[in-house]
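Notes for the one structure printed next.
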Amino acid sequence: MTTHTSGTADPLETLNAVELRDVRREFGTGAGKVTALDGVTLTFPRGTFTAVMGPSGSGKSTLLQCAAGLDRPTAGSVRLGGTELTTLTERRLTLLRRERIGFVFQAFNLLPSLTTEQNVALPLRLAGRRVPKAQVREALHRVGLGTRTHHRPTELSGGQQQRVALARALITRPEVLFADEPTGALDTRTGKDVLTLLRALTDTEHHTIVMVTHDPLAASYADRVVFLVDGAVNGELTGASAAEIANRMTTLEAAPC
Ligand code: ADP
Ligand code: MG
């Protein structure tokens, strides 16, 4: 019999970067209560690229935030590798987010007063680590941004800013990269470049990526598309084309409440 379980992961579980079991997230109380997630069970296998789709308000962002330890579920379990997130103290959760999780947002969220290099180095600085210039350069190189390293965010295009945000998310070599509408603020062409980059991160570096999007074309870059409706999983598609995904979305959005 084991006396503690924190360091020992079930070998099967280690195949999954993230596991959610019966995750519920409620906001508010009484008549104003909103059930954003209504019992979600999902696994994200290591080295795969998953897209999460669903109508507006279906719980996509809440799912991503709970999976990434940015929000706490009302009930259920979220595991990153072998670590249960829901019972961690705030302090340990902050450390875990910093060291084991990468997150990119639609709005890039770069610090305007910092240069590209300084933005990318930030997670390591926050962790109190030394930041070798070569490591920052390498992270920028991986996202196809070798040069504009001394520029500030306002001097960069939207696509370049999202690449900086990606480099910042990847510099700690996180176990999972979460992206909430990463191409939502980009034009189609630039969006495609970012999606191609995400695809390559999974194909060549075996990154685990979970991306929320409302765009079927963006979702078609993923290995698998999970559909959410009213806070619950409503099926998934594997290796689907943009047209197949768009079709499925039309059915979901037409579904009676
Ligand atoms: P999506 O990303 O699919 O559009 P969200 O996860 O943002 O959906 O929201 C799911 C539901 O939860 C919505 O009804 C939304 O209004 C509600 N919700 C999300 N965050 C909060 C919050 N902080 N407080 C209250 N309600 C929230
Ligand atoms: Mg959202």
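The values are calculated or read from the model by the stated rules, or taken from the named source; none is laboratory data. This one's a predicted model, so the numbers in the text were calculated from it and none came from an experiment. Glycine also receives a Cβ, built like all others from the backbone with ideal geometry; neighbour counts cover every protein chain displayed.
Quick notes on this one:
- Set side by side, the residues Ala134, Ala139 differ, and just one is more than 25 Å from Thr213 (Cα to Cα), small (Gly, Ala, Ser) and in a helix (DSSP H, G or I), which is Ala134.
- Residue match in the stretch 135-143 (condition: touching a residue at least 24 places away in the same chain (Cβ under 8 Å) and among the polar types (S, T, N, Q)): yes
Residue by residue, here is whether (1) modelled with pLDDT of 95 or more; (2) under 30 Å from His141 (Cβ atoms); (3) within 16 Å of ligand 2 (Cβ to nearest atom); (4) not in a strand (DSSP E or B) holds:
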residue: Ala51; (1), (2), (3), (4): yes, yes, yes, no
residue: Ser56; (1), (2), (3), (4): no, no, yes, yes
residue: Asp71; (1), (2), (3), (4): yes, no, yes, yes
residue: Arg79; (1), (2), (3), (4): yes, no, no, no
residue: Leu88; (1), (2), (3), (4): yes, no, no, yes
residue: Leu95; (1), (2), (3), (4): no, yes, no, yes
residue: Arg98; (1), (2), (3), (4): no, yes, no, yes
residue: Leu111; (1), (2), (3), (4): no, yes, no, yes
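- Filtering the stretch 38-57 to residues that are within 17 Å of the chain's Cα centre (by Cα) and within 14 Å of ligand 1 (Cβ to nearest atom) leaves Val40, Ala51, Val52, Met53, Gly54.
- If the condition is being within 23 Å of Lys192 (Cβ to Cβ), surrounded by fewer than 17 Cβ atoms within 10 Å (Cβ to Cβ) and not hydroxyl-bearing (Ser, Thr, Tyr), then the stretch 224-240 contributes only Gly239.
- Some residue of the stretch 189-210 being within 16 Å of ligand 2 (Cβ to nearest atom), under 11 Å from the mean Cα position of the chain (by Cα), closer than 17 Å to Thr48 by Cβ and among the β-branched types (Val, Ile, Thr): yes
- Put simply, of Leu126, Leu114 the only residue that is under 17 Å from Ile101 (Cα atoms) and in contact (Cβ under 8 Å) with a residue 12 or more places away in the chain is Leu126.
- The residue that is surrounded by the most Cβ atoms within 10 Å (Cβ to Cβ), among those in the stretch 154-207 that are among the hydrophobic types (A, V, I, L, M, F, W, C) and farther than 16 Å from Gly102 by Cβ, is Leu195.
- Condition met for Ala75 (farther than 19 Å from Ala219 by Cβ, modelled with pLDDT of 95 or more and within 16 Å of ligand 2 (Cβ to nearest atom)): no
- Test: residue in the stretch 152-168 that is assigned to a loop (DSSP other than H, G, I, E, B) and among the β-branched types (Val, Ile, Thr): no
- Per this entry, Ser61 is counted among residues that are within 13 Å of ligand 1 (Cβ to nearest atom), within 18 Å of Val226 (Cα to Cα) and not in a loop (DSSP other than H, G, I, E, B).
- The stretch 24-34 - residue that is more than 16 Å from ligand 2 (Cβ to nearest atom) and assigned to a strand (DSSP E or B) and, of those, farthest from the chain's Cα centre (by Cα): Glu26
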